[in-house]
């Protein structure tokens, strides 16, 4: 079984700069736009709290099972990351509806220009959001996988 990786977010270390959102959208979409980022930072200024939403790359991803298009959602053998193949995605939203973590559509999002869904793909195992975070609030962790 391949190694499995996941992002981890430390709200205490986050300084609300949202650099992670900007680099993500720049790397994947060629523009700095938080709405096109695969990570969503939510700031509640009244409570002075921050949270991050991103794909958890589940062991048994229901998003993949729910997709009606063969090959439109794949699991990277090297990282265990679930990805959407943009050229095959029809934009039907089955994946977004099936994901139990996709409250408020912050994990799987529809690109309104392209008409396809997108989500975190762990940047092939070297997430740009982790690299650019100035405080180390984001980390890539390797999960213990039973052998």
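The values are calculated or read from the model by the stated rules, or taken from the named source; none is laboratory data. Given the structure is predicted, the values throughout are model-derived calculations rather than measurements. All Cβ positions, even for glycine, are placed from backbone atoms using ideal geometry, and neighbour counts span all protein chains on display.
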Going residue by residue through segment 74-88, is there one that turns out to be closer than 22 Å to residue 14 by Cα and either out of contact with any helix residue (DSSP H, G or I) (no Cβ under 6 Å at 6 or more places or on another chain) or free of Cβ contacts under 8 Å to residues at least 24 places away in the same chain (or both)? no
Scan segment 107-147 residue by residue and report those that are surrounded by fewer than 16 Cβ atoms within 10 Å (Cβ to Cβ) and within 20 Å of residue 75 (Cβ to Cβ). 124, 125, 126, 141, 142, 143, 144, 145, 146, 147
Name, by its number, the condition in (1) modelled with pLDDT of 95 or more; (2) farther than 20 Å from residue 103 by Cα; (3) surrounded by 16 or more Cβ atoms within 10 Å (Cβ to Cβ); (4) out of contact with any helix residue (DSSP H, G or I) (no Cβ under 9 Å at 6 or more places or on another chain) that does not hold for residue 4. (1)
Meets criteria (in contact with a strand residue (DSSP E or B) (Cβ under 7 Å, 6 or more places away or on another chain) and either touching a residue at least 12 places away in the same chain (Cβ under 8 Å) or more than 24 Å from residue 126 (Cβ to Cβ) (or both)) for residue 69: no
Please return the ranges of strands (runs of 3 or more DSSP E) entirely within segment 103-147 where 3 or more residues are touching a strand residue (DSSP E or B) at 6+ places or on another chain (Cβ under 9 Å) and either touching a residue at least 24 places away in the same chain (Cβ under 8 Å) or closer than 19 Å to residue 4 by Cα (or both). 116-118, 138-143
Could you please find all residues in segment 27-57 being in contact (Cβ under 8 Å) with a residue 40 or more places away in the chain and surrounded by fewer than 19 Cβ atoms within 10 Å (Cβ to Cβ)? 27, 28, 29, 35, 42, 51, 56
